[in-house]
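Below is one structure; the comments refer to it alone.
FYI, it's all coordinate maths here, none of it is from the lab. For clarity, every value in this text was computed on a predicted model and none was experimentally measured. Don't worry about glycine lacking a Cβ; one is built from the backbone with ideal geometry, like all the others, and counts go over all protein chains shown.
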Amino acid sequence: MINVIVELSKYTILTLMIVYTFHCFYTVRQADNEERNELLRQQLILIFFMDFTAFLVIYLKTFDFKVVQFYVEMLLFFAAIQILYRILYPKASLLLLNNMCMLLSVGFIILCRLDVPTATRQLLIAAGASAIALVVPVMIRKMRFLRKLTWVYAGIGILLLAAVFLLAQTSYGAKLSILGVQPSEAIKITFVFFLAAFLSRDTSFRAVVQVSVVAAIHVGILVLSRDLGSAVIFFAAYLVMVYVATRNPGYLLLGMTGGCAASVVAYHLFGHVRQRVSAWKDPMAVYQNEGYQIVQSLFAIGTGGWFGMGLCQGSPESIPVVKNDFIFSAICEELGGIFAICLILVCMSFFLMIVNIALRIINPFYKLIALGLGTEYAFQVFLTIGGASKFIPMTGVTLPLVSYGGSSVLSTILMLAIIQGLYILREDEDEEFEKRRKEAVQRIRAREEAGRTRQI
């Protein structure tokens, strides 16, 4: 009987995920508020039933009461987030909030299937991060001096990265954390704020050179620390923000050329870069060494097929660092390729929403912040999934909100809170514009009425 439930759960979870993914894109097109709100409520129902089905299967396969306990705690966490955001920020984007809950749900399901204590720690970190994030949108609206802290952002970023380079112990071939904290995750935010603050005031050639020097210091320290994934993310954000601020394709072309040249130099200078490239080119040739991770990842993806093996039916434990860098492979193995594609589409809708918010913001400082954070999110997703599927060399970054990692979850939730604050600002701008438009229409009508009165 349990095997039948497990088999049926595969298709139930997959169906719920497909419908949710459709809602992500369909909801955006709805102009009617009542219809949109109904679709958003349906999304919450879909998340609830997906979680219920998944955790029921995990419990039936393990008979571990801790699974039930974790499930209840997770439901309370999601309920608190949804209620508090609706109370505190009526203008917040509920679609953005729902997508965050969906991605966290997928991560909790896989982590709980792998190791309940790990999932519990992730839940505690997410809850703490969400509590902090609740004050971020109001800070974005009220703290107008954030634009003036340009060199503070740069100083914090460089000092923390330098501290990691000098003090951190090497882990998985790179210097990433101090006392279990990975500063590069938080610096993703300060880096974007620095670029936005600088480029929103000045886009001259001299300003671009100054920004480029500071960005080069950030990226250079990351490369020396062998944190290649973060280095690529920082560089991508820098390139996009400079191009958008200046609207000069020459800077984009020059940056891409410099990035390619830097990649070639890094390949010849650093042995770990050559190892990752060789593992990417032919992982079976170096299966016993650097190719082991990617081979196990590809085996898992291939084993899962389109529909997956079902929760607790695969062997994701055989994948190295499966809770972090290769959690996408575990998702493919047990939930299937179609589910994984839907997950990618949800992440894509996340990014498109951020871009849409950025395009509609008038203030250049906030516009650049939204674009920078959106670029960092998109590139992190691309690097993680691309590395796990052998599309690109592995860079060692986590899948935002899904992978285990305290620093990553904290920074991502804070980034989304900033985006929520920018969304609310955009709504305020729209209201102000509509108010001024109505006042202008009223003045025109008043003048026309006065003119007709004089004619009479």
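Output the pairs from Lys10/Lys390; Lys10/Lys323; Lys367/Lys390; Lys61/Lys390; Lys323/Lys367; Lys188/Lys281 with a Cα-Cα distance over 28 Å in this structure; if there are none, say none. Pairs exceeding the cut-off: Lys367/Lys390; Lys61/Lys390; Lys323/Lys367; Lys188/Lys281. Scanning residues 5 or more positions from Ile178 or on other chains, none has an amide H under 5 Å from its amide H, with H placed 1.01 Å from N in the peptide plane.
Per-residue ellipticity at 222 nm computed for the chain from its helices equals -27000 deg cm²/dmol, with DSSP H segments shorter than 4 residues left out and the rest contributing -39,500 (n - 2.57). Mean separation of Cα pairs under 8 Å and 6 or more residues apart, divided by the residue count, gives the chain a relative contact order of 21 percent. Each distinct pair of alpha carbons in segment 244-313 adds a 1/r term; the inverse of their mean, the Kirkwood radius, is 15.3 Å. Cα-based values for the chain, radius of gyration first and Dmax second, are 23.9, 96 Å. Model label sites at Val28 and Asp64, defined 7 Å from Cα along the beta-carbon direction, differ in position by 3.8 nm. Between segment 104-152 and segment 394-428, the alpha-carbon centres lie 7 Å apart. Distance between the modelled labels on Val135 and Met256, one decimal in nanometres: 4.3 nm (7 Å Cα→Cβ projection). Shown here for segment 8-65: trypsin sites (Lys or Arg not before Pro) in loop regions (DSSP other than H, G, I, E, B) with at most 12 other Cβ atoms within 10 Å, namely Arg29.
Dividing the convex hull volume of the Cα atoms of segment 144-269 by its residue count, what figure in Å³ per residue is obtained?
Values: hull volume 12.6 nm³, N = 126.
Convex hull of Cα atoms, per residue: 100 Å³.
Shape of segment 180-254 from the C-alpha gyration tensor: prolate (a/c of 1.5 or more and a/b above b/c, with a ≥ b ≥ c the square roots of its eigenvalues). Comparing Cα centroids, segment 319-338 and segment 187-240 end up 31 angstrom apart. For segment 144-269, the relative contact order is 24 percent, taking Cα pairs closer than 8 Å that sit 6 or more residues apart in sequence and dividing their mean separation by the residue count. Across the chain, the longest run free of exposed loop sites, meaning chymotrypsin sites (Phe, Trp or Tyr not before Pro) lying outside DSSP classes H, G, I, E and B with no more than 12 other Cβ atoms within 10 Å, spans 64-305. In plain terms, the chain from Phe270 to Val209 could stretch by 19.3 nm, reckoned as 0.36 nm per residue minus the Cα-Cα distance. Work out the P(r) tail for segment 279-367: percent of alpha carbon pairs separated by more than 23 Å, whole number. Summing the P(r) of segment 279-367 above 23 Å gives 41 percent of all pairs.
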